[in-house]
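The values are calculated or read from the model by the stated rules, or taken from the named source; none is laboratory data. For clarity, every value in this text was computed on a predicted model and none was experimentally measured. A quick note on method: Cβ atoms are made from the backbone with ideal geometry, for glycine too, and the neighbour counts reach across all protein chains shown. Protein only, heavy atoms only, side chains kept; ligands, DNA and RNA dropped before computing areas. Shrake-Rupley method; radii C 1.70, N 1.55, O 1.52, S 1.80 Å.
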Amino acid sequence: MAVLLVVGVLAAVTLALTAFDDNGGSAPGASGPAPLPVTAAPPEPNILATVGNLRVHSPVAQGGVTAVGLHGSEDGALVLGPVGPQANEGLLARLWRRITGSSRAGYRWYQLDSGPLRTLDVGAVAGTDVYSPIDGSVVAIRDQVMSGRVIGTEVELRPTSAPSLVVTIQNVRRDPALTVGANVAAGSSKLGTVAEVSRWEHQALADYAPGGGNNVSIRVFPSATLGVP
């Protein structure tokens, strides 16, 4: 009887997930052909993550996002709170979500490793336009060096809503018009275009996005951590 009970429970779980699953754990064709860069329009307001009262919007237009991933880092970045549903959550979490009827609106995101989520990677094809993910001002622009080669730019922004923090954006080829001290607005101020980083370093998002997993990488720090006054 005990064996039959276990088998029955497992069968019920399997049927429930088969009947109601929304393919949350599947990758969207990472091995497929890469789409073309999106340069026609700025992104619509889409909040991807939060840190306190700071809201981090998508820096890429909706049609240009290939995948969204979050992972850890060891450089003092703050923990991010993802807004949308996790696409690769565990079986029990998916079953519980189905039973309770709970759901989360927004971009589906992939957890790329274990531990606290401190880095937000917004996948996009190299050459896609990148816009500011927050309202604020530019406090620093630095070369981004990978494998001894300058492959792009790191842009540091001070959020208007949280001036004690600094938001860093990496894997960007800077727009020549962008300067330190400039004010930026979420979704309307262009920072540059997505850099070709997958050529020089494997990207964790490559398992879920085409085009080698190129992405815009976003982290949030206390300003004192980066030495920004």
Exclusive hit being free of Cβ contacts under 8 Å to residues at least 40 places away in the same chain and more than 24 Å from P222 (Cβ to Cβ), set G63, G81: G63
Hits in segment 58-81 (condition: over 22 Å from V166 (Cβ atoms) and open to solvent by 20 Å² or more (accessible area, probe 1.4 Å)): Q62, G63, V65, T66
Yes/no for V197 being surrounded by 19 or more Cβ atoms within 10 Å (Cβ to Cβ), under 20 Å from V167 (Cβ atoms), out of contact with any Leu (no Cβ under 6 Å at 6 or more places or on another chain) and at pLDDT below 95: yes
Qualifying strands (runs of 3 or more DSSP E) (wholly inside segment 39-134; at least 2 residues being among the hydrophobic types (A, V, I, L, M, F, W, C), in contact with a Lys or Arg (Cβ under 9 Å, 6 or more places away or on another chain) and modelled with pLDDT of 85 or more): 47-51, 68-71
Qualifying residue in segment 183-193 (condition: assigned to a loop (DSSP other than H, G, I, E, B), open to solvent by 50 Å² or more (accessible area, probe 1.4 Å), on the phi < 0 side of the Ramachandran plot and not hydrophobic (A, V, I, L, M, F, W, C)): yes
Selected residue (criterion: nearest to G63 (Cα to Cα)) from residues of segment 194-229 that are part of a loop (DSSP other than H, G, I, E, B) and of a type in the set (G, A, S): A209
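Across segment 175-194, which residue is farthest from D143 (Cα to Cα) among those that are more than 19 Å from the chain's Cα centre (by Cα) and of a type outside the set (V, I, T)?
In this case the residue turns out to be N183.
Matching residues to (1) over 22 Å from W200 (Cβ atoms); (2) assigned to a strand (DSSP E or B):
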{"residue": "R142", "(1), (2)": "no, yes"}
{"residue": "T153", "(1), (2)": "no, yes"}
{"residue": "V166", "(1), (2)": "yes, yes"}
{"residue": "Q170", "(1), (2)": "no, yes"}
{"residue": "P176", "(1), (2)": "yes, no"}
{"residue": "V180", "(1), (2)": "yes, no"}
